[in-house]
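Notes follow the structure.
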Amino acid sequence: MMQKIAIIGLGLIGSSIAHAARRGALAKQVVGFDASADVRGRAAKLGFCDVIADDIADCVKDAELVILCAPVGAYPSIAPLIAPHLAQGAILSDVGSVKGAVIRDIGPHVPPGVHFIPAHPIAGTEYSGPEAGFSSLFDGRWAILTPVPGSDEAAVKKLRAFWQGLGSQVDVMDAAHHDLVLAITSHLPHLIAYNIVGTAHDLEQVTEGEVIKYSAGGFRDFTRIAASDPTMWRDVFLNNREAVLEVLGRFNEDLSQLTRAIRNNDGQMLFDFFTRTRAIRRAIIDVGQDSAAPNFGRNKS
Ligand code: NAP
C-alpha cells in the first residue's frame with residue numbers, strides 16, 4: 001500500500017483510477033486536482049478521492065506516485081507547475097493515449113531523483129468527466145508502460161504492481177512502438193468513425209432522420225466511437241501525427257484496392273478479404289477483449 005497518490009485531471013480516467021485504487025486498497029490517501037473548479041466541486045461531492053486539492057503543488061507534495069490524467073495537450077503547462085514539488089523517489093506517470101510526445105513534453109522537466117515512467121491504459125468509454133468513472137474500468141484490460149532509457153527497474157516494478165492492483169494486465173514497450181500500435185488499433189478507428197459519422201451527416205439525399213432510424217445497419221457502432229471527447233482526440237491526432245499519417249497511408253491504399261474490386265466486380269477478392277477480417281474478430285473474442293454475444297450483447301437490434 002502506498003502512503004499517498006496524486007491524480008491530476010479528474011475525468012473518466014482519473015476518477016476511475018481513484019475508484020479502483022480505493023477498491024484495491026492501493027493507497028492510504030488519494031489526492032486529486034483538476035484545473036476546473038467546477039470539476040473539483042463535482043469530484044468532491046462524488047467522494048472518490050480522500051482529498052481534493054485546490055492547489056496543484058499541494059496535490060503532488062509528498063506523493064509516492066503522481067499520475068497525470070489530463071488531455072495530453074495540457075501536459076506542457078502542467079509539467080513546470082509540479083516539477084519543483086515532486087518528492088525525491090516519487091514515480092511520475094501518466095495515462096496519455098500517445099507516448100512519444102509525452103516524453104518530449106514532460107521529460108525535460110523531471111527533476112533528478114524522480115522516476116518518470118509514462119503509461120497508457122487501453123480502456124475507456126465514450127463518456128468524460130468525473131461522473132463517468134467506475135472501479136472496474138481497467139479489469140482485464142491492458143496497461144502499457146513505456147519506461148524511458150535509464151528508468152529505475154524497481155520503480156517500473158512498483159508501477160506494474162499498481163496497475164495490476166487496478167485490475168489490469170501489464171505490458172512494457174518503447175514509446176515509438178506504442179504509438180505505432182495504437183495508431184492502428186485506436187487512433188485510426190476513431191478517425192474513421194469521426195469521418196463516417198460526419199459524411200453521413202453531410203449526405204443531403206439521405207435525411208438525418210433516416211440515418212438515425214436505420215442506424216442498426218452498422219452505423220450506430222461508429223457513432224459510439226465518434227461520440228468520444230473532442231479535446232482528448234484533437235490532442236491525440238496532433239501529438240501522434242507521424243504514426244497516424246503512416247497507418248492512414250496504408251489504409252488509403254487498402255481502401256483503393258477494395259474500391260477497385262467493387263468496380264471490377266471482383267467478388268473473389270472481396271470474399272477473401274472479408275474472410276480474413278472475420279478471423280480477427282474471432283481472435284479478439286478468444287483472448288477475452290470483447291463479448292461473443294450477438295450484437296455486442298445488446299438486447300434489441
Ligand atoms: P476527461 O474525462 O475529459 O478528463 C480530463 C480532465 O482533465 C477534465 O476534467 C479536464 O478539465 C482536466 N484538465 C484539463 N486541463 C487540465 C490541467 N491543465 N490540469 C489539470 N486538469 C486538467 O478525459 P479522460 O477521458 O479522462 O482522458 C484523460 C487522459 O486519459 C487523456 O490524456 C487521454 O488521452 C487518456 N486516455 C483516455 C481514454 C479514454 O477512452 N477516454 C483511454 C485511455 C487514456 P476540463 O474538462 O475543465 O478541461
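The numbers here are math on the coordinates, done by the rules we state, and not lab data. Keep in mind that this is a model prediction, so the values were computed, not measured. Cβ coordinates were reconstructed from backbone atoms using ideal geometry, including for glycine residues, and neighbour counts include every protein chain displayed.
Summary of computed values
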item: GNM result for the chain, Cα springs below 10 Å: residue of 131, 253, 204 fluctuating most strongly; result: 204
item: For q = 0.19 Å⁻¹, Debye-computed log10 I/I(0) when each Cα of the range 2-173 counts as one equal scatterer; result: -1.28
item: Tensor-based shape of the range 60-108 (alpha-carbon gyration tensor, a/c under 1.5 rounded, otherwise prolate or oblate); result: prolate
item: Residue 172 long-range amide H proximity, modeled H, under 5 Å; result: 145
item: Potential extension, residue 127-residue 266 segment - 0.36 nm per residue separation minus Cα distance; result: 45.9 nm
item: Inter-label distance for residue 174 and residue 259, nm, one decimal - labels placed 7 Å from Cα along Cα-to-Cβ; result: 3.6 nm
item: FRET efficiency, 1/(1 + (r/R0)^6) with R0 45 Å, evaluated for residue 54 and residue 207 via beta carbons; result: 0.35
item: Farthest positive-ward along the chain dipole, Cα basis, beta-carbon charges - from 173, 125, 271; result: 271
item: For the chain, projected area of the alpha-carbon convex hull averaged over all directions, nm²; result: 17.5 nm²
item: Charge dipole (the chain, unit charges on Cβ, about Cα centre) - positive-most of 291, 230, 205; result: 291
item: Extension gain, residue 252 back to residue 3 (0.36 nm per residue minus Cα-Cα distance, nm); result: 84.6 nm
item: Kirkwood Rh in Å, taken over all unlike Cα pairs in the range 177-265; result: 14.6 Å
item: The range 111-207: radius of gyration and largest Cα-Cα distance (Dmax), Å; result: 17.9, 62
item: Theoretical ellipticity at 222 nm over the chain - DSSP helices of four or more residues, -39500 (n - 2.57) apiece, nearest 500; result: -14500 deg cm²/dmol
item: Point-charge dipole on Cβ atoms (K/R +1, D/E -1) for the range 2-173, about Cα centre, debye to 20; result: 300 debye
item: Label point distance in nm, residue 44-residue 291, each placed 7 Å from Cα along Cα→Cβ; result: 3.8 nm
item: Spin-label proximity, residue 220 to the range 257-297 - amide N less than 15 Å from point 7 Å beyond Cα toward beta carbon; result: 294-297
item: Listed residue (68, 137, 149) projecting farthest to the positive dipole end of the range 2-173, Cβ model; result: 137
item: Total charge dipole magnitude, the chain, about the Cα centre, Cβ charges on Lys, Arg, Asp, Glu only, Debye to nearest 20; result: 720 debye
